[in-house]
Amino acid sequence: MRQCPSSTRSHARIALAMVCLACFAVLESASADAVSAPAPTKSTQVTVDMRKEFQVIDDFGASDCWTMQKIGGWQDANRDRIADLLFSTTSGIGLSSWRFNIGAGLDYANIGEGSWRTAETFEVAEGQYDWTRQANERRFLAAAKARGVDQFIAFANSPPARMTRNGMTFSSDTDDSTNLKEGYEAQFARYLADILQFFRDNPDESQRIDFDWISPYNEPQWPWIGNSQEGCRASNDDIKATILALDKELRARNLASKILTPESGILYGMWAEHKGSSDRYSEKVGDYLASFCRDPDLKNMLGNVISSHSYRYDFVPDRLVPERMKFRKAFEEYPGWRYWQTEYCIMQGPENQGGGGRDLTIKTALDVARVIHCDLTICNASAWQWWLAVSPHDYKDGLIYTDYQKPGDPETVYPSKLLWAFGNYSRFVRPGAKRIALRGANNINGLLGSAYKSPSGDQLILVFINISETQIPVSLRLAGLPRDKAITHVTPWVTSATDDLREYPPVDAKHAYSVPARSVVTLIATLRPR
């Protein structure tokens with residue numbers, strides 16, 4: 001059995017860590033670009049310009065996909081522990097969005113007995129539903145709502161089997177551009193809208209969810225051939241036909257949900273066509289920015305949001321930064337649109353080491369934090385969402401892990417360092433925060449940094465990632481601080497090999513702060529009246 005990482009800290013370690021704590025410069029009202037007080041050792045100067053704003057942050061989230069149908073049936077205490085770790089802003093990471101998988105129907109005969117990758121559908125026949133289904137997943141919807149999450153995304157990996165061409169919830173090796181039956185866009189749209197309406201009007205207030213977003217296709221450029229999981233391919237025209245039918249249903253029912261698409265399986269597909277798929281299916285697949293963002297009729301239907309996943313684009317140095325720069329250049333042609341990164345886990349890894357093998361250590365946490373940083377600062381992502389909130393697999397795909405497989409197994413819970421490093425963003429960079437300019441911390445193998453203003457404008461949030469093996473002293477230089485405001489203290493929250501999003505005491509703003517080696521640190525500074 002795997003052991004949970006220890007959270008015990010000795011007083012000696014605390015004292016030693018506090019010796020390293022220093023802080024930021026006092027800013028004089030006479031100068032908007034005041035330089036920090038001299039540090040006892042050479043430090044890296046970081047400049048934050050509060051006047052230069054970038055994207056507004058919509059959310060940080062994760063998915064319930066497939067796993068909550070099992071874990072939602074656990075004992076209350078263990079289920080609550082996971083919910084607190086995910087959603088609490090005091091004892092967990094404070095996710096601000098939650099992705100709910102609309103199952104396509106249990107298919108153990110084809111996908112595998114006991115598989116975690118097939119899920120119930122509410123539908124029992126056209127227009128008829130069993131609303132007692134997906135009870136375990138709905139427990140986590142309620143848990144998220146009770147803990148303050150107010151942004152919810154419903155997504156489908158496949159239509160129910162009766163709506164598919166091969167009668168299954170995964171695709172076949174044919175020349176069909178989609179597995180949705182021809183002419184079934186309206187039925188699929190009614191099915192999704194029926195489910196959204198049920199949740200919106202649920203008489204049980206604890207489970208009354210007004211989904212902000214509905215995603216009808218997931219990674220539509222992949223063929224989804226084989227029985228490993230639910231999946232449905234779709235060409236660009238297939239997606240558009242479903243969008244139009246779904247938007248019509250949403251408006252007819254006064255449902256406020258916007259349509260989230262295309263959830264491209266790879267960033268490349270946003271600016272380039274998948275020629276192999278286009279040729280095979282005789283319909284265009286990929287080049288999603290041009291296909292969707294140039295269509296003015298789609299902009300409101302999609303809530304001005306275009307989405308993709310960051311898989312396979314985490315290699316350092318050849319893909320992590322260069323490919324995101326390509327996306328950024330392409331995306332700049334479509335002002336008024338927002339970009340969401342809606343799914344990621346380590347599939348191959350920054351050094352191409354493969355996604356296999358759980359890693360609860362700071363290594364994977366730092367690898368992923370680097371991807372988050374690049375998606376936020378290069379792609380200007382307004383939302384960043386992880387794949388599996390909880391994983392039973394021996395793979396780098398979970399924030400939390402369990403060895404549980406079937407009823408009767410111990411309900412084990414293993415929080416990873418990645419969970420807490422994600423929390424360095426999700427707990428503090430809340431919906432409505434604005435990313436602002438930060439210069440001087442942009443070394444993908446050393447120190448990375450990004451800065452944010454809180455929604456109310458009274459807090460400065462800095463997130464630093466130190467990939468290196470040594471601590472890095474940082475001195476701060478601020479531009480654009482209001483003359484009637486001052487920063488007197490910063491509060492560090494540290495995730496490292498020995499700390500799990502641990503709060504340290506506030507420190508005076510006089511000297512450089514040393515970002516610990518191999519750590520993710522969030523510094524919170526409150527703007528106070530002078």
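Using 10 Å bins from zero, what percent of all Cα-Cα pairs in segment 272-417 falls into each bin?
Taking every Cα pair in segment 272-417, the percentages come to 10, 33, 30, 19, 7, 0.
Excluding same-chain residues fewer than 8 positions from K145, which aspartates and glutamates have a Cα within less than 16 Å of its Cα?
Correct list for K145: D59, D64, D80, D84, E137, D201, D204, E205, D210, D212.
What list of ³J(HN,Hα) couplings, whole Hz, do you get for segment 62-74 from phi and the Karplus terms 6.51, -1.76, 1.60, once you set θ to phi - 60° and write x for glycine and proline?
7, 10, 8, 3, 6, 6, 6, 5, 9, 6, x, x, 5
Three principal axis extents, largest first, for the C-alpha atoms of segment 198-269, in Å?
40, 27, 21
Please report the net charge: other residues with Cβ closer than 11 Å to the Cβ of A290, K and R +1, D and E -1.
Result for the neighbourhood of A290: -2.
In what sequence, highest mean first, do 514-523, 81-90 appear when ranked by Cβ atoms within 10 angstrom?
Descending packing order for the listed peptides: 514-523, 81-90.
Run through segment 121-166 and list the GluC sites (Glu not before Pro) located in a DSSP loop whose Cβ has at most 11 other Cβ atoms within 10 Å.
E126
For segment 424-493 and segment 135-194, what is the centre-to-centre distance using only Cα atoms, to the nearest Å?
Answer, in whole Å: 39.
Given +1 on the Cβ of Lys and Arg, -1 on the Cβ of Asp and Glu, and no further charges, what dipole in debye does the chain carry about its Cα centre, rounded to the nearest 20?
1940 debye
Computed over the Cα atoms of segment 396-449, what is the convex hull's projected area averaged over all directions, in nm²?
Its average projected convex-hull area is 5.9 nm².
In the calculated pair distance distribution of segment 270-316, what percentage of Cα-Cα distances lie above 18 Å?
Considering segment 270-316, 44 percent of its Cα-Cα pairs are separated by more than 18 Å.
Using the per-residue mean of other Cβ atoms lying within 10 Å as a proxy for protection, in what order, highest first, do the peptides 402-414, 294-306 fall?
Listed from highest to lowest mean packing, they are 294-306, 402-414.
Under the rule of -39500 (n - 2.57) per DSSP H run of 4 or more residues, summed and divided by the residues of the chain, what mean residue ellipticity at 222 nm is obtained, to the nearest 500 deg cm²/dmol?
Roughly -7000 deg cm²/dmol at 222 nm, from the helical runs in the chain.
Using a 1.4 Å probe, how large is the accessible area of M325, given in Å² and rounded to the nearest 10?
Roughly 100 Å² of M325 is accessible to a 1.4 Å probe.
Which entry in (i) 158; (ii) 149; (iii) 239 is this structure's computed volume of the Cα convex hull per residue in Å³?
Recomputing volume of the Cα convex hull per residue in Å³ here gives the entry labelled (ii).
Using a Debye calculation, one point per C-alpha and no hydration shell, please list log10 I(q)/I(0) for segment 139-209 at q = 0.26 Å⁻¹ in order.
-1.11
Based only on the alpha carbon positions, what is the Kirkwood hydrodynamic radius of segment 66-196, in angstrom?
16.1 Å is the Kirkwood radius here.
Taking a quarter of the surface of the convex hull around the Cα atoms of segment 413-474, what do you get in nm²?
Average projection, Cα convex hull of segment 413-474: 5.5 nm².
Quick one: P(r) of segment 68-135 from all Cα-Cα pairs, 5 Å bins, percents rounded to integers, in order of increasing distance.
Calculated P(r), rounded to whole percents: 4, 14, 18, 19, 19, 13, 9, 4, 1.
Please state the relative contact order of the chain as a whole percent: Cα pairs under 8 Å, 6+ residues apart?
Answer for the chain is 21 percent.
Under a straight-distance cross-link criterion of Cα-Cα below 20 Å, which aspartates and glutamates are reachable from K485, leaving out those fewer than 8 residues away in the same chain?
Within reach: E28, D33, D49, E53, D458, D508.
Can you find, among A104, V316, T342, the residue sitting farthest towards the positive end of the charge dipole of the chain, where Lys and Arg contribute +1 and Asp and Glu -1 at Cβ?
The one lying farthest along the dipole's positive direction is V316.
Distance from the Cα centre of segment 362-380 to that of segment 313-334, in angstrom?
13 Å
Using Stokes-Einstein with the Kirkwood hydrodynamic radius over Cα pairs, what translational diffusion coefficient do you get for segment 221-328 at 10 °C and a viscosity of 1.306 mPa s, in µm²/s rounded to a whole number?
Result for D is 105 µm²/s.
Stokes-Einstein at 10 °C, 1.306 mPa s, Kirkwood radius from Cα pairs: D for segment 369-488 in µm² s⁻¹?
95 µm²/s
At most 16 other Cβ atoms within 10 Å and a DSSP loop assignment: could you name the GluC sites (Glu not before Pro) in segment 176-215 that fit?
Listed in order of number, the matching sites are E182.
Which peptide among 377-387, 270-280, 456-466 comes first, and what is the full order, when sorted by highest mean count of other Cβ atoms within 10 Å?
Taking the mean over residues of other Cβ atoms within 10 Å, the ranking is 377-387, 456-466, 270-280.
In terms of the ratio Rg/(2.2 N^0.38 Å) built on C-alpha atoms, what value belongs to segment 457-517?
1.24
Using +1 at the C-beta of Lys and Arg and -1 at the C-beta of Asp and Glu, which of I362, P160, T402 has the Cα lying farthest in the positive direction of the dipole of the chain?
Farthest towards the positive end: I362.
Which ³J(HN,Hα) values, rounded to whole Hz and listed in residue order, are derived for segment 275-286 from phi using the Karplus coefficients 6.51, -1.76 and 1.60 in 6.51 cos²θ - 1.76 cosθ + 1.60 with θ = phi - 60°, glycine and proline given as x?
Once rounded to whole Hz, the list reads 4, x, 5, 4, 5, 5, 9, 6, 9, 5, 10, x.
Using only the alpha-carbon atoms of segment 131-284 as identical scatterers, what base-10 log of I(q)/I(0) does the Debye formula give at q = 0.18 Å⁻¹?
One equal scatterer on each Cα of segment 131-284 leads to -1.11.
The values are calculated or read from the model by the stated rules, or taken from the named source; none is laboratory data. These numbers were taken from a predicted model, which means no experiment stands behind them. We place every Cβ from the backbone using ideal geometry, glycine too, and count neighbours over all the protein chains shown. For accessibility, only protein heavy atoms count, side chains too; no ligands or nucleic acids. Shrake-Rupley method; radii C 1.70, N 1.55, O 1.52, S 1.80 Å.
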